Amino acid sequence: MKHVFPCVCWLTIAAACSTAPAPLVAPDPTVLPTLTAAEFPGAGALRFDERHDDASWHGDDAVVFALRLRKGEIVHRWLLRLEVLLGEELVARVDGGDSKIRLWENRTWQYSVMKNGQEEPRELRSRVMPVTVTVSDEHGKPLTRSMVRLPTRLLGGGLLPAIDLTRELVAQGRSTVDAGDTDIEPVVAAIVGTLALLNVVQEDDALAEYFWQVVEKPSVWSILTGLGVRATMSMEFEHSVPAPRLPAGLPAVDRAFLVPLRIDVNGSPALLADVVAVDARRPYALCGGMVAAVARHPSNPDITFELQLLGAERGAAAPRATAEIQR
């Protein structure tokens with residue numbers, strides 16, 4: 001189960017744009033994470049910097065999350081830090097002159113929409129950049145360190161554009177399936193960006209084993225009849241609800257929504273979650289503006305997985321470093 005999400009990106013997009021599992025239940029706005037700083041003494045001094053319109057990711061842009069897994073009376077806690085490695089460019093001084101070294105790559109995702117009764121192929125493009133991932137225990141003791149590549153444009157857009165678009169379509173009596181000439185790219189971008197962040201958790205050696213304890217495993221029968229494991233993620237943005245407040249400790253924002261998320265494995269609900277989404281401008285772009293979430297095991301109410309943002313910091317202006325090269 002650990003390596004499911006990289007294989008289902010196309011399925012996820014197709015589900016968002018054409019068919020989807022049974023409708024998700026609208027989130028309960030009163031159910032929010034209850035994490036406190038006292039539970040994570042190793043977090044140290046963190047701050048929430050003001051958002052900035054600069055879409056470029058700079059070196060030392062960072063977000064820090066508190067994570068907590070409850071299984072009955074047993075509680076596990078971690079700290080998760082995402083930090084931009086070097087920014088988008090590195091300046092190399094070659095023979096006394098400056099030369100810029102690009103540190104990002106372009107990536108493309110394929111999806112399709114229905115237009116005039118026909119499938120029309122589309123492409124989603126974004127830069128991907130190296131980001132360091134550090135997982136520590138609640139006392140700050142490092143457990144794992146790794147590097148991932150995250151899509152800057154997709155996460156920088158966040159979930160609010162997808163929420164606004166789908167709510168507008170619903171008000172017109174339409175959906176993403178019959179959107180016609182309406183550009184549904186914000187919905188696809190939000191889903192792909194969310195998948196990228198889920199991969200951070202499910203690929204980390206310290207977190208994956210515990211994260212998958214929240215997920216309902218498929219039955220042996222469904223595996224045999226389905227010839228394996230097929231997973232899809234659904235985010236029905238039209239069922240998002242305004243959040244009347246944020247979890248304690250988060251700075252106030254103009255707009256916040258609770259978004260229902262569900263993972264289905266072999267056609268059955270495997271994980272249910274409500275995600276708190278806010279403006280995703282830098283430095284909140286690193287987490288796509290997703291500042292908190294509560295995930296629930298679909299059949300065992302004693303198992304929950306919570307996360308909450310403890311800090312979001314802007315780094316130095318790029319480029320951050322200079323290399324001297326003499327030939």
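The values are calculated or read from the model by the stated rules, or taken from the named source; none is laboratory data. If you're wondering where the values come from, they're calculated on a predicted model, not measured in any experiment. Please note: Cβ atoms are built from the backbone with ideal geometry, for glycine as well, and neighbour counts cover all protein chains shown.
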Could you please let me know if Ala318 is modelled with pLDDT under 85, surrounded by 20 or more Cβ atoms within 10 Å (Cβ to Cβ) and under 27 Å from Ala45 (Cα atoms)?
yes
Yes/no for Ala66 being in contact with a helix residue (DSSP H, G or I) (Cβ under 8 Å, 6 or more places away or on another chain), in contact (Cβ under 8 Å) with a residue 24 or more places away in the chain and part of a loop (DSSP other than H, G, I, E, B)
no
State which residue is farthest from Leu79 (Cα to Cα) when the search covers only the range 106-134 and only residues that are crowded, with 17+ Cβ neighbours inside 10 Å and aliphatic (A, V, I, L, M).
Val113
Can you spot a residue in the range 128-145 that is within 29 Å of Gln308 (Cα to Cα), in a strand (DSSP E or B), modelled with pLDDT under 70 and touching a Pro at 6+ places or on another chain (Cβ under 7 Å)?
no
Restricting to the range 223-271, count the residues that are modelled with pLDDT under 90, part of a strand (DSSP E or B) and more than 16 Å from the chain's Cα centre (by Cα).
6
Qualifying residue in the range 155-176 (condition: farther than 22 Å from Asp274 by Cα, among the charged types (D, E, K, R) and part of a helix (DSSP H, G or I)):
no
Do we have any residue at all in the range 279-286 that's assigned to a strand (DSSP E or B) and touching a residue at least 40 places away in the same chain (Cβ under 8 Å)?
yes
Applying the selection to the range 29-45, what residues are assigned to a loop (DSSP other than H, G, I, E, B) and surrounded by 19 or more Cβ atoms within 10 Å (Cβ to Cβ)?
Leu32, Pro33, Leu35, Phe40
Give just the number: which of (1) out of contact with any His (no Cβ under 9 Å at 6 or more places or on another chain); (2) farther than 24 Å from Asp54 by Cα does Arg149 not satisfy?
(2)
